[in-house]
Amino acid sequence: MSAQSANQLLATPLNALHRGLGARMIAFAGYDMPLRYAAGILDEHRHTRDSCGLFDISHMGQAIIRGSNAARALEALVPSDIQEMGAGSQRYTLLTNDDGGIRDNLMVSNMGDHLFLVVNAARKADDFAHLAAALPSDCRLEVLEDRALLALQGPRSAEVLARFCPAVRHMPFMNCEIMRTLDVQCRVSRSGFTGEDGFELSVPAGMADELARQLLNEPEVRPAGLGARDTLRLEAGLCLYGNDLDATVTPIEAGLAWTIPERRREDGGFPGAATIRRQLAEGPARRRVGLRIEGRAPARAGAAILRPGGTRAGTVTSGGFGPSVGHPLAMGYVAADLAAPGTRLTVDLRGRPMKAWVTELPFVPARYFRS
Amino acid sequence: MTTVKYSKDHEWIRIENGEGVVGITDYAQAQLGDVVFVDLPEIGAGLKTGAEAAVVESVKAASEIYAPVSGAVTAVNESLNDDPSLVNDSAEDAGWFFRMTIADASEPDGLMDRDAYLEYVEGLS
């Protein structure tokens, strides 16, 4: 990358740390982000599954919504249950559009007196404009510009983080609380994007470098970049917005019907409810599936998925090599009649047909913390 | 006597007894990161200067490898099928990709020698 284009990118508060660690930087969603460090994606991936990886995800959007009707107001924009979330609980949900497509996927936490949102970097400008326009006047959206977001992921992360913040040890999965870390108030959630136990820490930008350095000083912790974040989430069967989800894909097609509880299915009252309820009743025309591809050549996003006879069945939306499973894997959308695990398909790899079959997701079983 | 020449696309070709052994440079493997698969050409396949000869899949992405000169494939490095990481560990030796005939013996003269290549790489950073 030329120096000029690097200058046009935004830097997270950890940019100097990444460069000092010898990271290979890439442009991602307008930010100068670490793709990998000296160890490389395979090592960073395996170390996160075995021990603990530290990821900078400060490019993601953070915001809070205040107002006594905040939960009810947000429910008008997402199909999940927000009003019945207890204080301290966190939920994965989707901003939908009028056609039932997905504007973004996000995390919402009930922090007691406000809702805390974490959204995708590439979608944050659009999301926040949408929220600001759609929320009623008794709700206030406050975009948190001066915060970093660190993800500590892997089976040793609770043990490591407890040295800084003892209360995390017994924190339930998908909870989010305000805790003191390095004498500063931080929003700590027990969640992540790797399929492992782990935490995300929303911290003031000014303390991010110090906290990251202290965490990296712990013997279990190694830095991990966006490359490992992608292979980890793919093995965990988690959707990446822009690849596996977009404005043309509905939650039902994406296999995310579990984000829509009974009350919301019955009452509707969110964008695209008619389409989504129809697909719930009749089944969607296509579904997201996991694919195992024969051999060692990875299929990448955009590769055509074909029926055994050679007619088009769908498209790969994420694909690569799974370091923990040791073979290529992919996710994509196929016609609903082909979505059953075990279905034989073909993936077109640069003009060469490769045998593939539908597999259960996730590829690697999740190891989230159970209290 | 063997000569090693380098292309601007970061392939090296070692010329031994009129045939060429081709791989990617250490600089190239470092840029690609962990290699997980190498799609090698068929033995006998014709190669044209600058046209795709192989594909390297790193964890992150697929990258095309171009023929540094024209000729035909006479052998491929089967070891890469079992252990693609040879490309990372030994890019300019055990991680070679294929062996080829050289249609025009003077064509490699147009490629860079080691010093010129190292200077070229210096200019990229």
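Averaged over its residues, how many other protein chain Cβ atoms are within 10 Å of peptide A:36-45's Cβ atoms?
Per residue, the average neighbour count from other chains is 3.
Within chain A, what is the longest stretch that has no trypsin sites (Lys or Arg not before Pro) placed in a DSSP loop and near at most 13 other beta-carbon atoms within 10 Å? Mind showing how you got there, number by number?
Numbers: sites that count: A:R163, A:R370.
Within chain A, the longest run free of exposed trypsin sites (Lys or Arg not before Pro) spans A:164-369.
Work out the mean other chain Cβ neighbour count within 10 Å for the residues of B:58-66 and drop it here as an integer.
That works out to 5 on average.
Using only atoms on other chains, find how many Cβ atoms lie within 10 Å of each Cβ of peptide A:323-335 and report the average.
On the way: counts 3, 0, 0, 1, 1, 3, 0, 0, 0, 0, 0, 0, 0.
The per-residue average across the peptide is 1.
Whole number please: convex hull volume per residue, Cα atoms of the range A:40-283, in Å³.
Considering the Cα atoms of the range A:40-283, their hull volume per residue is 118 Å³.
Given Cα pairs under 8 Å that are at least 6 residues apart, what percent is the relative contact order of the range A:41-200?
After rounding, I find 27 percent.
Counting other Cβ atoms within 10 Å, which GluC sites (Glu not before Pro) in the range A:31-104 have at most 16 and lie in a DSSP loop?
On the way: sites: A:E44, A:E75, A:E84; in loops: A:E84.
Those that pass, being in a loop and sparsely packed, are A:E84.
In debye, nearest 20: dipole of chain B around its Cα centre with unit charges on the Cβ of K, R (+) and D, E (-)?
Details: 7 positive and 24 negative charges, 44 e Å.
With Lys and Arg at +1 and Asp and Glu at -1, about 200 debye.
Where does the protein assembly as shown land on the Kirkwood hydrodynamic radius, alpha-carbon pairs, in angstrom?
Kirkwood radius, the protein assembly as shown: 24.6 Å.
Tell me the Kirkwood radius of the range B:23-125: reciprocal of the mean inverse pair distance over distinct alpha-carbon atoms, in Å.
For the range B:23-125, the Kirkwood estimate is 14.2 Å.
Relative contact order for chain B using alpha-carbon pairs under 8 Å, separation at least 6, rounded to a whole percent?
Relative contact order, chain B: 30 percent.
Straight-line reach from B:K5: which lysines have a Cα under 26 Å away, not including same-chain ones fewer than 8 places off?
B:K48
Is the shape of the range A:201-326 best called rounded, prolate or oblate, per the rule: a/c under 1.5 gives rounded, else a/b larger than b/c gives prolate, else oblate, with a ≥ b ≥ c the square roots of the Cα gyration tensor eigenvalues?
It comes out oblate by the Cα gyration axes.
Give me A:L201, A:L9, A:L152 sorted ascending by neighbouring Cβ count inside 10 Å, so fewest comes first.
Details: A:L201 26, A:L9 17, A:L152 30.
Ascending Cβ contact count within 10 Å gives the list A:L9, A:L201, A:L152.
Compute the Cα gyration tensor for the range A:285-371, then decide on rounded, prolate or oblate, letting a ≥ b ≥ c be the square roots of its eigenvalues: rounded whenever a/c is under 1.5, prolate when a/b is larger than b/c in the other cases, and oblate in all that remain.
Note, shape of the range A:285-371 comes out oblate.
Read-outs: derived from the displayed coordinates by stated rules, not from any lab. This structure is a prediction, so every number in the text was calculated from the model and none was measured. Note that we place each Cβ from the backbone using ideal geometry, even for glycine, and neighbour counts take in every protein chain shown.
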